Amino acid sequence: MNTDALRGHMDALLLSVLENEPLHGYAIIEALQQRSGGALTVPTGTVYPALRRLERVGHLTSEWATVAGRKRRTYRLTRSGRTALAGERTAWTDFTDVMTKILTPRSQP
């Protein structure tokens, strides 16, 4: 999948992956790839700055944890993040509805 198509949607993707459980950065990248059926391979240089930004605005919190013997920063969705995710889902539904209307072939008169 063209990574340019992800612009403007990274927050929704990250918040969604963190909805049910806290994860560290690499696990987030793996979850995106798995949930997309392998269609998404998001570079760490895109994910980590977005996670830090989402934490700064209060949608995520993080803490250090030891995972498989390694210290990793684990991210968790906050109440604000859940609200933001709900808004992202609504915006996505609205967007896809409009795009479907535009891109669906119309019969010629």
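The values are calculated or read from the model by the stated rules, or taken from the named source; none is laboratory data. Only a predicted model underlies this, so the values are computations on that prediction, with no experimental measurement involved. Note: ideal-geometry Cβ built from the backbone for every residue, glycine included; neighbour counts use all protein chains shown.
Go through region 57-85 and report how many residues are more than 14 Å from LEU14 (Cβ to Cβ) and either part of a strand (DSSP E or B) or touching a strand residue (DSSP E or B) at 6+ places or on another chain (Cβ under 8 Å) (or both).
8
From the set of residues in region 26-54 that are among the aliphatic types (A, V, I, L, M) and in a loop (DSSP other than H, G, I, E, B), which is modelled with the highest pLDDT?
Among residues in region 26-54 that are among the aliphatic types (A, V, I, L, M) and in a loop (DSSP other than H, G, I, E, B), the one modelled with the highest pLDDT is ALA39.
Here are ARG53, ARG35: which of them is in contact with a helix residue (DSSP H, G or I) (Cβ under 9 Å, 6 or more places away or on another chain), surrounded by 14 or more Cβ atoms within 10 Å (Cβ to Cβ) and of a type in the set (D, E, K, R)?
ARG53
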